[in-house]
Amino acid sequence: MDANRLSQGQMVAASAAIALFIVSFLPWFGVGGAAVTVGGTTIGGAVNRNMWEFENPLDVYLLIVMLVALVPAATTLFGGAAEFPLAPIATTLLAGVGTLLIIYQLFDHGSGASIKIGVILGLIATVGITIGGYLSMQEDAGGERY
Amino acid sequence: MTGRLSQGQVIAAVGAVVLLVATFLPWIGVSGPSFPAGIPVPQGISTGGTSENLWKGSTLDIYLAITAVVALLPALLALTDSAEEFSFVSAATFLLGAVAVILVIAYLTVDFPGGAERKIGAYIGLGAAIVIAMGGFRAMQEEVAGEI
């Protein structure tokens with residue numbers, strides 16, 4: 001395993017993808033309201049949900065984004081011969097759209113739900129993947145602009 | 001107008017139009033209570049089901065809209081006689097279409113709400129996403145063949 005085999009863009013995208021995976025287990029949304037205690041039993045109350053628990057296709061989408069950023073980097077890192085010519089554009093495009101989807105979720109997350117720290121950190125990590133993908137595109141094109 | 005478009009771009013554009021139409025068709029439905037024949041329905045109880053399209057409470061709607069717009073981009077540029085060309089549009093159409101297929105399949109299987117029914121819009125949307133991915137892939141191949 002030799003980290004020098006990775007380009008700067010691949011390194012940034014892969015690091016951000018790992019960060020996004022870790023952040024996905026933090027609370028993203030809070031659901032519910034005040035708890036009521038009746039006879040020593042507490043009913044209701046706010047419940048925090050991480051990215052995987054919130055009923056939304058965003059979890060599947062961001063999993064795809066993480067894989068698209070990580071698989072080419074991991075293959076290069078472990079000396080694989082496989083080539084992924086579409087990987088830089090796929091990483092940039094899918095992570096860019098993922099950024100838009102998370103921003104959309106910030107404004108439209110359903111009534112009764114609140115934003116938690118995970119979604120903000122997830123947004124930052126997804127922007128990081130987009131930047132890493134864009135750097136890879138530029139490195140692949142040798143400075144040629146897309 | 002279509003003379004400027006490759007076959008793949010036309011296929012993707014048709015898929016995009018169908019996808020946009022499908023998002024306004026019912027994707028999810030809930031059946032009302034059923035009563036055996038001959039038993040009168042109590043007052044105040046409706047036996048009619050409800051159905052909803054995709055534009056309610058899901059990020060899938062925004063994603064599919066973005067996919068459709070990207071797939072339509074070459075056709076829109078041809079329509080406006082624009083000289084603008086984006087080298088990555090075919091690849092983007094293929095990638096977004098392929099991911100749309102995965103997301104719609106995930107929505108219809110693991111992410112689907114319990115007790116609800118899949119409606120016609122979901123199947124048409126899935127078919128349209130497949131067509132967009134195929135059109136994008138064909139457009140990519142045509143671009144490569146054109147460069148050789």
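Results, tabulated for the structure shown:
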item: Farthest positive-ward along chain A dipole, Cα basis, beta-carbon charges - from A:A17, A:W28, A:T91; result: A:W28
item: Mean Cα-pair separation over length for chain A, i.e. relative contact order, pairs under 8 Å, 6 or more apart, %; result: 39
item: Descending semi-axes in whole angstrom, ellipsoid equivalent of region B:57-117, from the Cα gyration tensor; result: 31, 12, 7
item: Over 16 Å [Cα-Cα, region A:77-131], rounded percent; result: 54
item: Spacing of the two label points (7 Å from each Cα toward its C-beta) at B:S51 and B:V110, in nm; result: 2.8
item: For A:D140, B:D81, order by how many other beta-carbon atoms lie within 10 Å, fewest first; result: B:D81, A:D140
item: FRET efficiency, A:V47 to B:V21 (Cβ-Cβ, R0 45 Å, nearest 0.05); result: 0.75
item: Net charge, A:E55 excluded, C-beta distance under 10 Å - Lys, Arg +1, Asp, Glu -1; result: -2
item: Burial ordering of A:M66, A:M137, A:M11, fewest other beta-carbon atoms within 10 Å first; result: A:M11, A:M137, A:M66
item: Extension reserve of the B:I102-B:E117 stretch, reckoned as 0.36 nm per residue once the Cα distance is removed; result: 3.5 nm
item: Over chain A: Rg over Rh, Cα atoms, Kirkwood Rh; result: 1.13
item: Residue-span extension gain [A:T75 to A:F25] - 0.36 nm each, minus C-alpha spacing; result: 15.5 nm
item: Coarse-grained scattering of region A:43-117 at q = 0.13 Å⁻¹, given as base-10 log I(q)/I(0) from a Debye sum over alpha-carbon atoms; result: -0.53
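Taken together, the values in this text are just the output of simple stated rules run on the coordinates, not laboratory data. On a predicted model such as this, the values are computed, not experimentally measured, just so you know. Virtual Cβ from ideal backbone geometry, glycine too; neighbours counted across all protein chains shown.
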